[in-house]
Every structure is written in structure tokens, then in C-alpha cells.
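S.K.: The structure under discussion is supplied below as C-alpha cells; questions concerning it will follow.
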Amino acid sequence: MAENEFCTPCSRENGTNTACMFCVDCEEAICSDCNIAHRKNKLTLKHSIIDIQNVSSLPVALVQSSPVCPKHRLFVQDLVCCIHDEICCRPCMLEIHKHCDNVLPVESASLKIKLTGLIDDLVKESKQISSTSNKIVNVGNENIKEISHQEEIISADIGSVKSSFIATVKNVEQKLTKDLTQTVKSNVNEIEKYEQELQELKNRAVVYQQEMDFIRKHASENKALLLIERLKLDLHRDQMKMKSVTSDVRNVKLMYKDTVNYSVKSLGNIVVQNAPCPVKYVPGTDILRRKINYREDSEDHILDRERLSQTEKSKQQEEDIDNSSVYDDIHEVTKQIKKESTYVKSADLARISMEEDHHKTEKLSEKLTDEVYEDISEVSNEISKEPSYVKSAGRHNNLSPSEVMLEHKLSTGYFTETWKGKLRQKITVAVKILKAGAKHISVEQLTETTHENIVKFYGAFEEKASNNIVFQYMSQNLVQYLHSKEGQSLHQTELLAVAAQVARGMSWLETKKIVHCGLQASKILIGENAEAKISGLEYVTTEKVIALYPYVAASSDELSFQKNDVITVIGTEDENWWEGEMKEQRGFFPENYVGAPQKYIKIDPSLFKWYALETLKSGQCCVKSNIWSYGILLVEILTHGQVPYQGIKDTEILSKLKQGYRHPEPNHCPDHLYDRMLKCWNENQEERPTFENLYNFLEDLIFGF
């Protein structure tokens, strides 16, 4: 759109004020004078108003897309059928989707649309088209150079043959040279033709990326949904075009075959050899099949509905409301207020009686003091501002043992047992049972780990003096996946894509200052489409620097360890490692240790090869220690699941690392990637990269292949 756009409301009154802002929802350019009046004029919209400079350079189709239904021109597309993933108007719903049981208003369906990952898929696919275009253009340029070079060689060959019998082949030579020129011209024209088509696709791909960036930064939820649906169709069209173009691309080579025969009139033919282009375009995502998860039937919704039902039943049993239940009442009134606003939007569809709910709200409000009732609006606003993971934390924290049914044991670790089970007989889950001596993990800490690349936490409960933590169940970990037939056939870019997902999840934990303390490939779970999720959350802590599984005692008599336990005695400089043996259930300490023991650190020996140097020395683990472990995880990924430090015992790791030894470079590992891995293993923690830095590096590396 133009930079000096006139204000749309002023233009209706024949005014000529220059617009300085743009309303994304209304698709109107507005001046500073019309800003307030514009917001009040259409109260049903959110009015995402931005600086007009942000849209002045964008295509008109991006900032102006009518929500009017193409079939029913008098109606706006304000509903979404989640079953068919279609935006529709109300007549469309009655005609086409009347039997669909999951139809939502656009404002509900578009909630967090920009966080679904669909934009990332669209951006990734547009980058793929752009990158493939560049590669094919480079192949075409090399073909042109090679054809020109071959033309010179063939022309010289023709001249050499011509000198032998120039008198008899002059006419044939002229014809053959003409054929050569026409053949070269024809092939060059064909290459230039598909280069032009590829350039158009590349230019559109750049525009798509601009559009995605605009949607992510400036578009409202409603606008984002409408624009994304259009972009899906456009990008799918370009996918088909790219597939068609690339299927016709060939490596062209000219050859001259000497078929000279003095009794004939031909010197030979110009032969074009076509070979498949080495660059292939494989769409990363079927854009039209990429549906948005509206979460109506997700596992979280099942839990939410059951928790809400239990809460409402308990509140009906309360006859007296005292000051201790004020906030419950506030929550109830807030629900009723929200219900009324929802009913106003959907009254025509649901035929809900407003009077009955309004009467319930008034009856409940009489039980509250005047001061509390006045604060309801403010409290409601504050509640609505809470991030989604805070709201869900209260619903999922405390589970009853009766809600979880254990089916069979999956594995036994150093500090935990893992069982497969069912949550409320509906959701398949993994239950971690912490053994005695394991560090107690705060439920509040685990609620902070909500991320698409982190295994989902459902809740925790106590039973028979043991702590039990309930997580999302996934059938295989990264080691099993890398050992499988599918994992063994993965290309290096696909391996790095898994590593990038882990880096993204760990970057989230890093921003929350959450330490994992057990990062390795066996703790990474793999779902469909190689989706990676970080597990082993029983190892997390929100302390900046922590000691793993501490035991505090006044003397050695108060300590007992099991056979093969390995501990670090804090306070000694030499002989730090001590392997316990069974002798009256008490441990032996280094001979040079003097004084009463104060603190002992019990460490999981299965993690020695992944622990950072500072963890092996003192038992301390921090965010930067996770970076070290991630470097070892990269070794596992690049070697398709091999155990790191082949041929080195666990108990030898510390002494070798102290001497400066680091894991050797894996086979076929890019040198610049190994350089980054060495930075992860820097003895100086401050010199190690961040997970955000590692994620960005891997993304650039993947797109650079």
C-alpha cells in the first residue's frame, strides 16, 4: 500500500488527513484524530493498531483481505469448523456443517494461532522453495558455462574434420554448424525459461516470509487465521509449481559424434544428453493437510472438563460462604460473567436462556461484601492476564492415587522406577516413582516446564511414602529411535533437526533458569514425525547452582550407602572419588581425609560420561553444565546412538577430562559443528554458548545443507 495513505474515516467525509496508523482488524488507515473514535465505533473488534510504516511496503493483499463469505456475500466468515478445518459463515454452518459437533467462533479458534507452529511450517516451506530455487539456478548457470565450453570443443572438432575433406563437405559443415547454434540456443532458452519461473517462485517465497513475519509481529489472532488460510492455498500452489518445474529440469550436455563418411553427405549429429538434476525439491510439509489443533478434544481439555465438574459439585455442597471462600466466589462470578458474554456471541446458535444465568449471577453476588463485589472486575482482569501454564498448573498439580492405574514397569533407574499407566482410565501416561534418597522435586517447578519440546507434566501424588510424578507417555526414546531402521537411514540434516528441537526445549528451560542435571539421548522421547520431547524431568531444579542428591551428617556413623554407590566428599582436593563397598552398611572415606564429614554428594554413575567437569569434581550442576551434556548428546545423535567415549570406563572420565581430553570428532561431522561442540566442553563455564545460540547455529546449518 502507499506510504502517504489518506485516513479512511476522514476520506468518507471528503477529508484529506494523512494516516499515521493502521488498524489490522478493520483494515483501515487512520489518523491520530480518528484513533479514539475508531476504537469506540466497532466495539466487537480488538483493534490491533500499528504504525502505518509497518505495512506501507507490504502487498495490498496482505493487509486487505475481506472476511466476507464468497458463497454468501451478505455474511462474514466468523465461524470455524474444527472437524473440516474450514472457516465459514453462519449460513454455511447450517447448510454444510450442521452435523459437525465442533464449531467455534473465529475469536475462540484463533486463540494462540501464532503459537501453533503452523507459521513456522509455512516459513520453513517458503525458505525451502527459495533455497531450492537458488540451488537449481546455480545448476543452470553451470550448465550454461559447460555448454559454452563444450560448444568451443565441438566447433574445434568439426573444424578438424572439415580440413580433411573441405572440398566435399562444405555444405554439410554449414548445415551442421547451424544445427549446433540452434541446439545451443534452444537449450539455453529452455534453461532461461525455467530460471524465470524459478525466480518468480523465489520472489513469492520472499514475500511469504515477509507476510509470515508481519503476521507473527503485528496481526491480530482473527487476522492471522484469515491470512494463514489464504497463504496455505498460495504456498500449496507454489509447491505444485515447484514440483512441476523441478521435474522437467535436466543436466544438459552437448556431444559431437564423428560419423564422417566420404560417400555420404553427413558429418554427424549434435546430441543432447539429458541427466536428472542433482537438486531435488521435496516439500517438507503438505500445506493443505497441515491442520490447526484447536485443542477441543486434547488430553488437556479432558482433564479440564473433569476438574471443572468436580469443582462445581463441591461448590454446590457448600451452604455457608465465609471470608475464607471469598476467592472461590470471585472465581464463580467471573465464570458467570464470562458465560454471559459468551452467550451473547452464540445465542442464535445455542438458544441459551440469558435470564436464568443472569439470575444465578445476581443471587451469588448477594453473598459477597460490597467491597469484594467492587473488586470482581479488577480480579477478573488480573486472572485473564495470567499465562496459560499458570492456569493449568492449578488444575493438574495434585492427583489422587485412585486417579492413576499402574499397568506394567517400563524401566528401573538409579533413582526412579518408570511405569506405564492410565490417568482416569483415558489417558496413557508414564509414572515416575522416586526411590528413597532421590531429590524431592517441587510440583511448582514442574509446572514451569510447559513447552512443545518438553514432555507434558500431568501432576503428582504420594502413595506408600513414595513420591510419584505423572508425565505424558511416549513409546520410544532417542537411543531406540536412532538404533531403529528408520533412525539408521536418517540424513545428517534430519539428525540435526532432532538436535535443534532439543536445543529449543533446553533454551526454554534456560530462560526459566531451570537446570536439568540428567540430559542424554535416553532422556529424549521421540513421537510422530520425529518430534523430540525432553524427559527426565525428575532431575530438574530451579536453583541456580545445586548439589545432586545431598546427604548431610555429623559423622560417618550416620551415613549408609549401597554397594557401588559413588559419592563426592565436598572439601577435599584430592582423591575425590570414592566407590562404596558393603561393610556394616557404612562407607569408607579417603585416607587423606581429615575431620568430620559435613556433606556428601551421591551421583548417578550412569550419567558420568554426560556430566560436566565441574559436576564430576564437586557434584555441582548449573545451566552451563547442561550445555556440556548437550555437546555429548550431539555425539550420540551424530553416531546414531553409540555410547560416547568408546573404550573408556566411567571411573576414568574425570582424570582424562582434567588432563584436557575431550571427545574426538565423530565421523562425517562438519568441522564447524565440532568446533561448536568443543566450546560446549570449555572448562570455563562463561565461555560456553547458550542454548539459544546453539539452536540458531543448528538452524543455519540445516538450511545451509
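The values are calculated or read from the model by the stated rules, or taken from the named source; none is laboratory data. Because the structure is a prediction, the values reported are computed rather than measured. Cβ coordinates were reconstructed from backbone atoms using ideal geometry, including for glycine residues, and neighbour counts include every protein chain displayed.
S.K.: Given the conditions (1) within 24 Å of Ala530 (Cβ to Cβ); (2) buried (at least 17 other Cβ atoms within 10 Å of the Cβ); (3) of a type in the set (D, E, K, R), and given that Glu614 satisfies all but one, which numbered condition is not satisfied?
M.R.: (1)
S.K.: Could you grab me the full set of residues in segment 88-101 that are in a loop (DSSP other than H, G, I, E, B) and either under 24 Å from Glu452 (Cα atoms) or charged (D, E, K, R) (or both)?
M.R.: Those that are in a loop (DSSP other than H, G, I, E, B) and either under 24 Å from Glu452 (Cα atoms) or charged (D, E, K, R) (or both): Lys98, Asp101.
S.K.: Within the group Leu519, Leu495, which residue is in a helix (DSSP H, G or I) and in contact with a helix residue (DSSP H, G or I) (Cβ under 8 Å, 6 or more places away or on another chain)?
M.R.: Only one candidate qualifies: Leu495.
S.K.: Tell me yes or no: at least one residue of segment 142-153 is surrounded by 12 or more Cβ atoms within 10 Å (Cβ to Cβ), polar (S, T, N, Q), over 45 Å from the mean Cα position of the chain (by Cα) and assigned to a helix (DSSP H, G or I).
M.R.: Checking segment 142-153: at least one residue is surrounded by 12 or more Cβ atoms within 10 Å (Cβ to Cβ), polar (S, T, N, Q), over 45 Å from the mean Cα position of the chain (by Cα) and assigned to a helix (DSSP H, G or I).
S.K.: Here's something else I'd like to know. If Leu104 satisfies every condition in (1) of a type in the set (A, V, I, L, M, F, W, C); (2) within 20 Å of Ala224 (Cβ to Cβ); (3) modelled with pLDDT under 80 but one, which is the exception?
M.R.: In the conditions (1) of a type in the set (A, V, I, L, M, F, W, C); (2) within 20 Å of Ala224 (Cβ to Cβ); (3) modelled with pLDDT under 80, Leu104 misses (3) alone.
S.K.: Then there is this: Select from segment 224-243 the residues that are buried (at least 16 other Cβ atoms within 10 Å of the Cβ) and aliphatic (A, V, I, L, M) and write down the one among them that is farthest from Glu27 (Cα to Cα).
M.R.: Met242
S.K.: Another question, then. Is it the case, given these coordinates, that Asn54 is under 28 Å from the mean Cα position of the chain (by Cα), under 16 Å from Glu5 (Cβ atoms), at pLDDT below 80 and among the polar types (S, T, N, Q)?
M.R.: yes
S.K.: I'm trying to understand the selection: among the residues of segment 107-141, which are within 24 Å of the chain's Cα centre (by Cα), more than 21 Å from Glu221 (Cα to Cα) and either modelled with pLDDT under 80 or of a type in the set (Val, Ile, Thr) (or both)?
M.R.: Of everything in segment 107-141, those that are within 24 Å of the chain's Cα centre (by Cα), more than 21 Å from Glu221 (Cα to Cα) and either modelled with pLDDT under 80 or of a type in the set (Val, Ile, Thr) (or both) turn out to be Ile129, Thr132.
S.K.: Restricting attention to segment 605-658, and to residues there that are modelled with pLDDT of 90 or more and of a type in the set (Val, Ile, Thr), which single residue is nearest to Gln685 (Cα to Cα)?
M.R.: Looking at residues that are modelled with pLDDT of 90 or more and of a type in the set (Val, Ile, Thr), I get Ile627.
S.K.: Also, quick follow-up: Give the residues of segment 470-481 that are in a helix (DSSP H, G or I) and either surrounded by fewer than 17 Cβ atoms within 10 Å (Cβ to Cβ) or under 20 Å from the mean Cα position of the chain (by Cα) (or both), sorted by residue number.
M.R.: Selection gives Leu478, Gln480, Tyr481.
S.K.: Could you tell me whether Ser155 is free of Cβ contacts under 8 Å to residues at least 24 places away in the same chain and of a type in the set (Ser, Thr, Tyr)?
M.R.: Criteria not met by Ser155.
S.K.: Looking at segment 67-74, is at least one residue farther than 17 Å from Leu225 by Cα and at pLDDT below 80?
M.R.: Checked against the condition, which is being farther than 17 Å from Leu225 by Cα and at pLDDT below 80, segment 67-74 yields at least one hit.
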